[in-house]
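These notes concern the structure reproduced below.
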Amino acid sequence: MTTFTCALNPARIVFGAGKRSAVASELDRLGVTRALVLSTPFQKADAEALAAELGALAAGVFAHAAMHTPVEVTQTAMAAYAAAGADGVVALGGGSTIGLGKAIAYRNDCPQLVVATTYAGSEVTPILGQTENGVKTTVRAGSILPETVIYDPDLTLGLPVGMSVTSGLNAMAHAVEGVYAQDRNPIAAMMAVEGVRALRDALPAIVRTPADAAARGAALYGAWLCGTVLGSVGMALHHKLCHTLGGSFDLPHAETHSVMLPHTAAYNAGAAKTALQPLADLFGGDLGAGLWQFAKDLGAPMSLRDLGLEETDLDRAADLAVQNPYWNPRPVERDAIRALLGRAWEGVPPESGT
Ligand code: NAD
């Protein structure tokens, strides 16, 4: 590549085992004196423990974050934020909790500190997806990007193995699409390859020993890199298909990415051969086939059928996926996409990428 524009997002990253203890000093650095601590109901006890450690720096806990950032939840959280006299938020969790923090900051421009506990990558993007009356819309703005992210692998030791695998494959999907993005650049490409390498090595070790501290650290490091790629360059066919399947058929986020990635990588393998070569090399030379076997060996869900999609939905999914397509290195053709979806639905290996 001889021509590129590279704009990296200005976030402060604090990484390391035990770094959860840096929340107070990092809030101080942001000038926050009363932070509302956010979580899902599932991570409420962790959020309350963090608030207790923060003492007067915590304005309270709001533990109602939900998948796809429903606007009604955001409105309730805004009321809780005002009632508590908060001047910033701490989001403790994965993409759902981080989405709520972003939604609050989008509305009042408050400082956000994220303690990220999955591999989804939302913490390093200026992108917010929110749902209102069943419709999901996406916005991008400077106020949405969290100012500070703390990655503490200790907080991921208990991330269930199944979720670790699908969340890790979700992270890899950002990197795969990042290397062939229309606005790709050499820094994003380097981060993508290093991120996928780290996750390729870490995920099998986590499946063998879920509390393997070194593997957890490596996976979170890889997730940070892959998420940074997502925040830096545009995504293509894979993300469009996953958004369609999630938005119109209510399929689960990380699992859908996990099933689709080998198929979309194979679809683009020929058209983006040079860009994808360093990633293909990490999986034995054929990226689609290599990723499919990798996911299978990890025990990941392998078919859209298992995620609850009906076979009769495939035609509509293909029609929706080719409407307003994202830029993609290979033309997005309806019949080829229908064939790809059919293979993903059945759970068979992808077409050999040429
Ligand atoms: P999630 O945040 O929905 O988490 C799933 C469940 O796991 C929740 O109950 C959560 O509390 C729990 N959990 C999280 N970390 C845990 C841990 N370490 N131990 C035990 N339980 C834990 O899942 P996700 O995949 O991180 O996020 C998915 C959402 O994020 C989707 O809505 C997706 O659209 C969004 N997302 C947005 C972006 C973006 O850039 N805007 C990027 C990626 C994902």
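Every number here is computed from the coordinates shown, using simple stated rules; none is lab data. It should be emphasised that the depicted structure is a prediction, and the values quoted were computed from it without experimental measurement. No Cβ is skipped: glycine too gets one built from the backbone with ideal geometry, and neighbour counts run over all protein chains shown.
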Next item on the list: Might you let me know whether the stretch 296-310 holds any residue that is part of a helix (DSSP H, G or I), free of Cβ contacts under 8 Å to residues at least 24 places away in the same chain and of a type outside the set (S, T, N, Q)?
Entry: yes
Item checked: From 176, 165, residue being under 15 Å from the mean Cα position of the chain (by Cα), part of a helix (DSSP H, G or I), among the hydrophobic types (A, V, I, L, M, F, W, C) and away from the ligand (no atom under 13 Å from the Cβ) -> 176
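Considering the stretch 71-89 alone, what residues qualify as being within 16 Å of the ligand (Cβ to nearest atom) and surrounded by fewer than 20 Cβ atoms within 10 Å (Cβ to Cβ)? Steps first, please.
Narrowing the stretch 71-89 to residues within 16 Å of the ligand (Cβ to nearest atom): 71-74, 77, 89.
Listed by number, the residues that qualify are 71, 72.
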Next item on the list: Scan the stretch 98-123 for residues that are surrounded by fewer than 24 Cβ atoms within 10 Å (Cβ to Cβ) and either over 15 Å from residue 65 (Cα atoms) or under 14 Å from the mean Cα position of the chain (by Cα) (or both) and jot them down.
Entry: 106, 107, 108, 109, 110, 111
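Looking at residue 113, is it in a loop (DSSP other than H, G, I, E, B), touching a residue at least 40 places away in the same chain (Cβ under 8 Å) and hydrophobic (A, V, I, L, M, F, W, C)?
On the way: in a loop (DSSP other than H, G, I, E, B): no; touching a residue at least 40 places away in the same chain (Cβ under 8 Å): yes; hydrophobic (A, V, I, L, M, F, W, C): yes.
No.
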Next item on the list: Could you check residue 256 against (1) in contact (Cβ under 8 Å) with a residue 60 or more places away in the chain; (2) crowded, with 19+ Cβ neighbours inside 10 Å; (3) within 29 Å of residue 99 (Cα to Cα) and say which number it fails?
Entry: (1)
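Pull up the stretch 52-70, narrow it to residues that are within 16 Å of the ligand (Cβ to nearest atom) and out of contact with any helix residue (DSSP H, G or I) (no Cβ under 7 Å at 6 or more places or on another chain), then point me to the one that is nearest to residue 114 (Cα to Cα).
Only one residue tops the list, namely 68.
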Check: If only one of 121, 101 is in contact (Cβ under 8 Å) with a residue 24 or more places away in the chain, at positive phi and within 14 Å of the ligand (Cβ to nearest atom), which one is it?
Finding: 121
Check: Just for the stretch 164-188: of the residues that are farther than 22 Å from residue 270 by Cβ and touching a Phe, Trp or Tyr at 6+ places or on another chain (Cβ under 8 Å), which one is surrounded by the most Cβ atoms within 10 Å (Cβ to Cβ)?
Finding: 168
